[in-house]
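This report refers to the structure that appears directly beneath it.
The values are calculated or read from the model by the stated rules, or taken from the named source; none is laboratory data. A quick note: this is a predicted structure, and the numbers were derived from the prediction, not measured. Quick reminder, even Gly has a Cβ in these numbers, built from the backbone with ideal geometry, and neighbours come from all protein chains shown. Heavy atoms of the whole protein, side chains included, go into the accessibility calculation; ligands, DNA and RNA do not. Shrake-Rupley method; radii C 1.70, N 1.55, O 1.52, S 1.80 Å.
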Amino acid sequence: MGETSQYAGAEIVIAEDSLTQAERLRYFLEKNGFVVRSARNGRQALDMVAERCPRVVVSDIVMPEIDGYELCRRLRQSAETADLPVILLTALSESTDVINGLASGATDFLGKPYNEQSLVARIRRALANRELRHDAPSGDGVQVLFAGNRYTLESSSTQSLDFLLSSFEDAIEKNVQLNEANSQLKDALQTISSLETRYQKLMEFTPTALFVVGRDGVVWFANEAAALLFRREAEDLKGTPFPLPLDASSVGETELALPGGETAVVELRFVETTWGDNQAFLASLWDVTENVELRRQLQELSVTDELTGLANRRGFLMLAEQQRKLVKRGHSMVLLYMDLNDFKSINDTLGHNAGDDALAETARILSTCVRESDILARMGGDEFAALLVDSEAVFAEQAPIRVQAAFDRRNASKATPYDLSISCGSAPYLGDDPVSLEELIARADELMYADKQTMKAGHTGRMTGLQ
């Protein structure tokens, strides 16, 4: 039983100039057991009411000929329809619409777009309240049904109106605050969305293979570089198990199995991150197969100088060219080209064994002047070179001073009958102004020769002297 059967068959006139909205409203109301007649405007609705008075009128406000306000006013002017419930469809955010509806005598308001179940509930409440007021004895106040409970309101019409307006004003104020909060939230979400979009674009276009991996080891995202590495579409990689363990022991160079039986050596790094609202890992795979193969080739080509243990000329040229290609804009490195002074006099006076010892000791001294990441080589005879990778250009002036200081310290506590002195030319390589390796060596060699001539002309005492 209940309200559905109680008001089944109750007739409703709807006034709606939109045919689509009218048909949608008719369908829903008839589905809930009401009998519906539909008018295209307020005038047609008045004619239908005059022909046969319905139980409720549901009207849009904006209509041609006679709008919803005027329809409500005219119904209130007739004794037969003075208490006929009229529900206006309006926007609660427009305070003037609600006040005009109240002034015209509307029974209820419902905001557009409205919830259809809310409209049915309003219709049933209007029918129930009308019956309560017809059955209630005079002088006992106004009987109303609200939220399933019956109430008797004994306040005056003036008090009721003031209370209604106060409640409505409070609702409007809260609605404005809500709209402002929603606007701020929308802006914040747009900012977050924009940042996420930029972040994802950066991930898409970086040459490093990137994966977002869930805690369960399943791939959530893969960029185009990852697709190229695995010879698969990025979308196809999603939902597959990540091929490497994400733990501390797996960080660094590791062998990776690829489709078709191929293998690659990759540099693995990973960090914890968030993806959406979930905890995940961001894993990067840098393909270093070519570098590993180059190292292997260097070993096979015997790129080490037997006497000094440094790289020989061939090894230096291969490693230096690789580093030159890696230098990006805004970065630089420094090439030192060096020649041992008066080396021939050591060989001629003390013999080739002493000359070999001098070369080996020179290599040891130079090794103390460079980092492990730098490339130090014996280029042949008594010539040496050092490529100081990822060094600022200003270091080109400082590096020869550090080298000379190391030889000065050696000579101050020497255990041989000769001093060691070295001429040095220093040339910077700038990522913003790249040159070939041959040109860079030529520059440093020219500066080294100028340094040797300066020392000879100035008799600085830096030249090798047999004691």
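With respect to residue 35, determine if the residue is free of Cβ contacts under 8 Å to residues at least 40 places away in the same chain and in contact with a Cys (Cβ under 7 Å, 6 or more places away or on another chain). Answer is no for this residue. Being in a loop (DSSP other than H, G, I, E, B) and either out of contact with any strand residue (DSSP E or B) (no Cβ under 9 Å at 6 or more places or on another chain) or crowded, with 22+ Cβ neighbours inside 10 Å (or both) is the filter here, so list the residues in region 317-328 that pass it. Passing the criteria: only 328.
One residue is enough: does region 68-90 have a residue meeting the conditions acidic (Asp, Glu) and in contact with a Lys or Arg (Cβ under 6 Å, 6 or more places away or on another chain)? Within region 68-90 (the criterion being acidic (Asp, Glu) and in contact with a Lys or Arg (Cβ under 6 Å, 6 or more places away or on another chain)), the answer is no, since none of the residues qualifies. Among (1) more than 17 Å from residue 127 (Cα to Cα); (2) open to solvent by 10 Å² or more (accessible area, probe 1.4 Å); (3) of a type in the set (A, V, I, L, M), where does residue 66 come up short? Here residue 66 meets the rest and fails (2). Checked against the criterion of being closer than 30 Å to residue 98 by Cβ, assigned to a helix (DSSP H, G or I) and modelled with pLDDT of 75 or more, region 163-172 has no qualifying residue.
Screening region 268-288 for residues that are open to solvent by 70 Å² or more (accessible area, probe 1.4 Å) and without any contact (Cβ under 8 Å) to a residue 60 or more places away in the chain and picking the one that is nearest to residue 226 (Cα to Cα) gives 269. Per this entry, residue 27 is not counted among residues that are hydroxyl-bearing (Ser, Thr, Tyr), under 26 Å from residue 128 (Cβ atoms) and in contact with a Phe, Trp or Tyr (Cβ under 8 Å, 6 or more places away or on another chain). Being assigned to a strand (DSSP E or B) and either open to solvent by less than 70 Å² (accessible area, probe 1.4 Å) or more than 29 Å from residue 400 (Cα to Cα) (or both) holds for only one residue in 292, 265, 370, and it is 265. Annotation for region 403-424: no member residue is assigned to a helix (DSSP H, G or I), among the hydroxyl-bearing types (Ser, Thr, Tyr) and either open to solvent by 40 Å² or more (accessible area, probe 1.4 Å) or over 23 Å from residue 307 (Cβ atoms) (or both).
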